[in-house]
Each structure stands twice: as C-alpha cells, then as structure tokens.
Amino acid sequence: MIGKIIVPFMEDAGKAMIKNASSLCRSISEHFIKHGGKYAIGGGAAVIGGTAYAVGESVGHKRGRKEGTAEQAARDEKKMNDLHQRHENDRRRWREKEREYEDLLNDIENK
C-alpha cells in the first residue's frame, strides 16, 4: 500500500530534482562565464594573501616555539639547581644528626 504511494512520488520528485539541477547548473555556468575574470583575480589575491598569512603565522609560531623552548630550559635549569641545593642541605643535616648520634653514643660509653 505504502509502496503504491511512495513510488510515484519518488519518480516525480527525482524528475523535478534533475530538471532543477540542470537549470541550476546552467545558470551557474552562465554566471561564471560572464563574471569569471573577477573571481579569478579576486581568488588569486585571496590565495596569495592567505599564503602570506599562513607563512607569517608559521614563522611566528616557530619563533615563539624557540623562545618558549629557551624559557623552558631556563626554568628547568633553575628547578634542577634548586633540587640540587635542597639535596645538599639535606645531606648536611643528615651528617650533623649522624655526628650528634655518634657523640651521644660516645658520651654514654664514657660514663
């Protein structure tokens, strides 16, 4: 039942779409034939401008990445120096505590 309704509708819709598509293609092609030179020049300028923008962005991105890398290296170096200094301070404290412990044991043995 539904097939009897849908099939003729789809056939008519398909024919209308083909007719409209061909007329649309015809009107678009006529428009481009008439105004194609303007689009070619304008499109070329847009492509050149877009390329210049992309190259400029690429150069800026690389420069920023290099500067960022140098800044990160400086931060990493400072962090490593801080860690090393903390480790040295901890070693000094451990040695002092070990000396105090040894002195305490010596005092106990001597008494």
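Rule-based calculations on the coordinates, nothing more; no lab input. Bear in mind the structure is a predicted one, so any value in this text is a computation, not a measurement.
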With 0.36 nm assigned to each residue of separation and the Cα-Cα distance removed, His84 to Ser29 gains 12.4 nm
Here the gain from full extension of Glu77 to Asn110, 0.36 nm per residue of separation minus their alpha-carbon distance, amounts to 7.0 nm
